[in-house]
Amino acid sequence: MENENKMEKIVSLCKRRGFVFQGSEIYGGLAGTWDYGPYGSELAHNIKELWWKHFVGDREDNFGITTPTLMPEAVWQASGHLENFTDPLGKEKFNTMFKVKAGALKDETVTAYLRPELAQGMFVNFKNFLDTMRPKLPFGLAQIGRAYRNEIAPRDFLFRVREFDLMEFEYFIREKDWQKYFEMWREEMWKWIELVGIDKTLVHEHEIPDGERAHYSKRTIDFEFDYPFGTRELYGLAYRTDHDLRKHAAASGVDMSYFDEENKEKFIPHVIEPSMGHGRTMLAVLLSAYREDEMNGEKRVYLALKPALAPVKVAVFPLLKNKPQLVEKAREIYQKLKKEFGAVEFDDNGNIGKRYRRQDEIGTPYCVTIDFDTVEKDQMVTVRNRDNGKQERVSENDLTAHLEEKML
Ligand code: GAP
């Protein structure tokens with residue numbers, strides 16, 4: 001498939017099927033903002049849920065935290081973002097943080113910034129976290145949330161935007177261990193890329209050379225993806241040293257050191273940071289899942305999404321809309337499956353072929369059809385597989401277990 005074309009096809013599918021719309025479209029749009037419709041919101045949510053389960057729920061060493069998008073100027077002064085978070089604009093440097101005023105009365109207003117990264121929320125809470133959870137190194141603080149960057153030239157759909165979700169964690173370690181944990185997280189990021197269904201053959205590591213890294217980083221590897229518009233950053237992995245905690249300790253006067261009970265040592269931990277853009281994940285997942293083939297002599301488009309990510313898990317159809325006994329049975333099965341899988345759809349519009357196509361296009365892994373045999377003869381339904389169109393008859397009683405097993 002031609003690359004140029006593929007991007008247009010994804011953008012058009014996203015709009016046509018309610019995944020993604022231009023932000024504030026009826027007013028001509030605001031560049032670098034995108035609205036997610038129902039299917040886009042489901043996909044977005046499923047990616048976050050998978051990330052959280054994989055990196056927080058299933059691990060003993062990562063802890064979740066949630067902090068505001070607004071943080072005062074002092075944070076960004078200390079972190080170095082006021083000085084360094086800039087893009088070149090002619091001969092000037094343009095700081096890409098959004099500056100805002102919090103408060104109404106003149107002498108009580110506070111200058112704040114919408115966060116361009118989540119990391120500072122983890123750093124300013126480091127002491128709170130130590131005091132309340134008493135963790136042992138190594139451990140991580142993970143967060144999913146909004147980030148804002150006043151990009152000079154937002155472009156390429158979800159790739160470069162001004163408001164996006166980040167999935168990020170700061171992993172605190174002893175300085176001597178930094179290479180070991182950098183390697184560990186490098187491998188873990190590859191595992192995530194596979195888990196979320198991004199085509200690994202389109203991802204490459206790029207070592208960022210001296211002089212080009214962010215001001216806080218001593219080593220950075222970008223994970224780049226071959227987007228149709230070029231090979232560009234997908235994720236970043238950085239060794240942030242003790243830069244942030246040390247700067248915050250100095251600027252706030254709060255002790256940010258960790259006390260190692262065993263060796264009776266006090267020190268400021270170092271940090272490895274895996275940082276994953278959520279919108280870029282959506283885009284890479286969609287580009288990896290997009291397929292065109294021919295089925296029964298017709299061209300079709302489908303999204304080969306992992307079942308865990310699919311916005312709709314199962315669609316239920318009565319063969320005919322105007323046969324009450326079919327509709328009734330289909331609704332009964334729909335209700336049952338909805339309790340089990342949540343994201344289940346009922347559709348009785350148009351012929352069955354069209355209904356299959358609609359579900360293929362949004363990546364629904366299985367469709368269930370109720371026909372006359374179901375109600376009059378054998379209590380069996382037809383289960384149809386998205387990827388190969390194969391159909392099998394399954395007993396109504398075994399249906400939930402059958403679909404659960406298939407979707408593992
Ligand atoms: N805390 C580290 C950090 O913020 P970054 O490389 O500047 O590092 C992290 O950003 C990730 O955020 C990137 O790897 C990318 O996935 C995503 N990202 C950055 N800028 C973006 C933008 N304008 N639009 C969409 N995603 C963006």
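The values are calculated or read from the model by the stated rules, or taken from the named source; none is laboratory data. Model, not experiment: these values are computed from the prediction. No Cβ is skipped: glycine too gets one built from the backbone with ideal geometry, and neighbour counts run over all protein chains shown. In case anyone asks, the SASA skips ligands and DNA or RNA and just uses the protein heavy atoms, side chains included. Shrake-Rupley method; radii C 1.70, N 1.55, O 1.52, S 1.80 Å.
Within region 246-255, identify whether any single residue is surrounded by fewer than 21 Cβ atoms within 10 Å (Cβ to Cβ), closer than 15 Å to F123 by Cβ, within 16 Å of the ligand (Cβ to nearest atom) and not β-branched (V, I, T), and answer yes or no. Yes, the conditions are met somewhere in region 246-255.
Based on what the data block shows, is V100 over 24 Å from E224 (Cβ atoms), open to solvent by less than 80 Å² (accessible area, probe 1.4 Å) and either within 16 Å of the ligand (Cβ to nearest atom) or free of Cβ contacts under 8 Å to residues at least 24 places away in the same chain (or both)?
Numbers: over 24 Å from E224 (Cβ atoms): yes; open to solvent by less than 80 Å² (accessible area, probe 1.4 Å): yes; either within 16 Å of the ligand (Cβ to nearest atom) or free of Cβ contacts under 8 Å to residues at least 24 places away in the same chain (or both): no.
So V100 does not fit the description; no.
Restricting attention to region 286-304, does a residue exist that is open to solvent by 10 Å² or more (accessible area, probe 1.4 Å) and over 30 Å from L202 (Cα atoms)? Full working, then the answer.
Looking only at region 286-304, we keep the residues that are open to solvent by 10 Å² or more (accessible area, probe 1.4 Å), and these are 288, 290-299, 301-302, 304.
Applying the additional criterion that residues be over 30 Å from L202 (Cα atoms) yields 296-297.
Yes, region 286-304 contains at least one residue that is open to solvent by 10 Å² or more (accessible area, probe 1.4 Å) and over 30 Å from L202 (Cα atoms).
Among residues of region 271-310 being among the hydroxyl-bearing types (S, T, Y) and closer than 25 Å to Y366 by Cβ, the one that is farthest from the ligand (Cβ to nearest atom) is Y302.
Filter region 372-403 down to residues that are acidic (D, E) and touching a strand residue (DSSP E or B) at 6+ places or on another chain (Cβ under 7 Å), then give me how many there are. Explain how you work it out, then say what you get.
Kept after step one, since they are acidic (D, E), are these residues of region 372-403: 373, 376, 378, 387, 392, 396, 398.
Next, from what is left, pick out any that are touching a strand residue (DSSP E or B) at 6+ places or on another chain (Cβ under 7 Å): 373, 392, 396.
So the count comes out to 3.
Applying the condition of being in a loop (DSSP other than H, G, I, E, B) and among the basic types (K, R) to region 138-180 and asking which residue is farthest from R240 (Cα to Cα) yields R162.
Rundown of residues vs (1) on the phi > 0 side of the Ramachandran plot; (2) out of contact with any Phe, Trp or Tyr (no Cβ under 6 Å at 6 or more places or on another chain), yes/no style:
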{"site": "S288", "(1), (2)": "no, yes"}
{"site": "G297", "(1), (2)": "yes, yes"}
{"site": "A310", "(1), (2)": "no, yes"}
{"site": "V316", "(1), (2)": "no, no"}
{"site": "I333", "(1), (2)": "no, yes"}
{"site": "E340", "(1), (2)": "no, yes"}
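Taken across region 205-218, residues that are closer than 30 Å to N3 by Cα and under 18 Å from the mean Cα position of the chain (by Cα) do not occur at all. May I ask you to verify whether G363 is within 30 Å of A289 (Cα to Cα) and at pLDDT below 95? The answer is no for G363. If the condition is being closer than 17 Å to T220 by Cα and either buried (at least 19 other Cβ atoms within 10 Å of the Cβ) or of a type in the set (A, V, I, L, M) (or both), then region 186-204 contributes M189, V203.
When region 215-232 is filtered for residues that are within 12 Å of the ligand (Cβ to nearest atom), under 20 Å from A119 (Cα atoms) and buried (at least 17 other Cβ atoms within 10 Å of the Cβ), the ones remaining, listed by number, are Y216, S217, T220, I221, D222, F223.
Scanning region 256-264 for any residue that is within 15 Å of the ligand (Cβ to nearest atom), of a type in the set (D, E) and either surrounded by 20 or more Cβ atoms within 10 Å (Cβ to Cβ) or outside any loop (DSSP other than H, G, I, E, B) (or both) turns up nothing. Name the single residue that is farthest from the chain's Cα centre (by Cα) among those in region 118-157 being open to solvent by less than 10 Å² (accessible area, probe 1.4 Å) and within 11 Å of the ligand (Cβ to nearest atom). Per the criteria, the residue is F123.
With respect to K176, determine if the residue is within 23 Å of F129 (Cα to Cα), among the charged types (D, E, K, R) and open to solvent by 20 Å² or more (accessible area, probe 1.4 Å). Outline the logic, then answer.
Working: within 23 Å of F129 (Cα to Cα): yes; among the charged types (D, E, K, R): yes; open to solvent by 20 Å² or more (accessible area, probe 1.4 Å): yes.
Yes, satisfied.
R280 meets all of the listed conditions (1) under 24 Å from Y148 (Cα atoms); (2) among the basic types (K, R); (3) more than 20 Å from the chain's Cα centre (by Cα); (4) open to solvent by 10 Å² or more (accessible area, probe 1.4 Å) but one, namely (3). Taking K321, is it under 20 Å from L399 (Cβ atoms) and either at pLDDT 95 or above or surrounded by fewer than 24 Cβ atoms within 10 Å (Cβ to Cβ) (or both)? Criteria not met by K321.
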